[in-house]
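Asker: My questions will all concern the structure given below.
The values are calculated or read from the model by the stated rules, or taken from the named source; none is laboratory data. All values reported here derive from a predicted model rather than from experimental measurement. Note that each Cβ is placed from the backbone with ideal geometry, even for glycine, and that neighbours are counted across all protein chains shown. To get the accessible areas, we keep the full protein, side chains included, count just its heavy atoms, and leave off ligands, DNA and RNA. Shrake-Rupley method; radii C 1.70, N 1.55, O 1.52, S 1.80 Å.
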Amino acid sequence: MIVIGVSSGTSADGIDVAAARIDLEDGGAVVRLTPLGFGTTPYSASLREAVRAALPPAATTMEAVCRLDTRIGQEFAAAALRGIEEFAGGHADLVASHGQTLYHWADGATVHGTLQLGQPAWIAEATGLPVVSDLRAADVAAGGQGAPLASTLDLLMLGGRAEPTAALNLGGIANVTVVREGLPPRAFDTGPANALIDAAARLVTGGRADLDADGAIARTGRPDPVLLEHLLAEPYYRLPVPRTTGLELFGPGYLEAALRDTSRARDGGRPSDGDLLATLVELTAVTVADALEPFGVTEVLASGGGTRNPVLMERLAARLAPARLDSSERIGLDGDAKEAYLFALIGFLSWHGLAGSVPDCTGARRAPVAGRLTPGTAPLRLPAPSPVPPRRLYVEAPGG
């Protein structure tokens, strides 16, 4: 079947859309995924600003939540419809929508709830297709973190490797999945990846830039030891795994507080623009490397927007050595598109009555089927549940 995956990350800059042909083979033991196309549709300027204005720690209203749920759903619907036309020849069977995370209710190592907006009824109405949405809540209700869901895809792709391997996603928050032969897998958020770097880019440019393109500003500076030491004292990094986090902790206010707390060391000022960005790049590199060090991984396969920052990739490579740092594209998936394909996969699994998360990775008591289902315009006919969970995923080139 052809599944459309739609999502938006913590940067809230646009909607990622991926189309894939996904099939079960070998009695359900194997998933075969053929990427058909990927693209990003920017949010309208007004919606982007409204989403960012509602993100923690900002106060909001139920009116704003209702408006956001509707408008995000409408723009997701338009993006999904374009994806069906452009990537799937006008035909698809299912849409899987992650929506836009507005709040992840984490208290230390415990997650109590998670909220993704983007009303799926708008997507179902626009496309005529059934929509699987709200992909994290079932895992949280089963005692899990609701994240990182990337482990569902990572384990199917990396399982069976002889050497300990980690998949690393560098979004607003960095998350890892660790696969080791003969040992349970592990997955968790290591801390900020781009969240603080992007916040600093907005700070030093007066809001003219949302990111440090190509790491150009960070390249001009050196890590500030006082600020870096202060940031590394964050208790989150010492929580047991699995653990998850988000902008509720590592948002712009976190950076502003850290700069205030360390200002006395520099007579009330802050580091130069280059030093500030270099410090935050180093923070990501150090926390990722420190988080992976106990697992003895020999290879790290990176994906996500952070891979486009060459300074960050250089510092990660240096900190991770002797482990090799490479791109997830080496195993067949575009690093920018990986999360959208992940959600297409989870929607496909839910459609076939299969779990969308891995208890060893999220901490859940059991492996629940993910999401809720919104019917399309045609009668809803689900297939018989697959008798076995898949053990491997193969990515196949279109026409291969």
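Asker: What helices (runs of 4 or more DSSP H) completely inside region 188-255 contain at least 1 residues that are of a type in the set (D, E, K, R), out of contact with any strand residue (DSSP E or B) (no Cβ under 8 Å at 6 or more places or on another chain) and open to solvent by 40 Å² or more (accessible area, probe 1.4 Å)?
Answerer: Where helices (runs of 4 or more DSSP H) fall fully within region 188-255 and carry at least 1 residues being of a type in the set (D, E, K, R), out of contact with any strand residue (DSSP E or B) (no Cβ under 8 Å at 6 or more places or on another chain) and open to solvent by 40 Å² or more (accessible area, probe 1.4 Å), they are 195-204, 216-219, 225-232.
Asker: For A233, are the conditions met, namely being farther than 25 Å from A167 by Cα and in contact (Cβ under 8 Å) with a residue 12 or more places away in the chain?
Answerer: Against the criterion (farther than 25 Å from A167 by Cα and in contact (Cβ under 8 Å) with a residue 12 or more places away in the chain), A233 does not qualify.
Asker: While we're on this one: How many residues are under 17 Å from A340 (Cβ atoms) and aliphatic (A, V, I, L, M) if we restrict to region 153-172?
Answerer: Qualifying residue count for the region: 5.
Asker: Mind listing just one residue for me: the one in region 260-273 that is in contact with a helix residue (DSSP H, G or I) (Cβ under 8 Å, 6 or more places away or on another chain) and surrounded by fewer than 18 Cβ atoms within 10 Å (Cβ to Cβ) and, of those, nearest to A109 (Cα to Cα)? Can you show your working first?
Answerer: Kept after step one, since they are in contact with a helix residue (DSSP H, G or I) (Cβ under 8 Å, 6 or more places away or on another chain), are these residues of region 260-273: 261-262, 265-266, 269-271, 273.
Narrowing the set further to residues that are surrounded by fewer than 18 Cβ atoms within 10 Å (Cβ to Cβ) leaves 261, 265-266, 269.
Details: D261: 25, A265: 32, R266: 34, G269: 34 Å.
This residue is D261.
Asker: Scan region 57-80 for residues that are of a type in the set (A, V, I, L, M) and either at pLDDT below 95 or in contact with a strand residue (DSSP E or B) (Cβ under 8 Å, 6 or more places away or on another chain) (or both) and jot them down.
Answerer: Passing the criteria: A58, A59, V65, L68, I72, A78, A79, A80.
Asker: Sticking with this structure for a sec: Only residues in region 20-39 that are under 17 Å from I346 (Cβ atoms) count as the first member; pair them with residues that are polar (S, T, N, Q) and assigned to a strand (DSSP E or B), Cβ under 6 angstrom, at least 6 apart or cross-chain, and list the lot.
Answerer: R21/T34
Asker: Quick check, is P192 in contact (Cβ under 8 Å) with a residue 12 or more places away in the chain, touching a Gly at 6+ places or on another chain (Cβ under 6 Å) and under 23 Å from E293 (Cβ atoms)?
Answerer: Values: in contact (Cβ under 8 Å) with a residue 12 or more places away in the chain: yes; touching a Gly at 6+ places or on another chain (Cβ under 6 Å): no; under 23 Å from E293 (Cβ atoms): yes.
The answer is no for P192.
Asker: Restricting to region 1-24, and then to whatever is open to solvent by 10 Å² or more (accessible area, probe 1.4 Å) and at pLDDT 95 or above, can you tell me which residue is farthest from M157 (Cα to Cα)?
Answerer: D16
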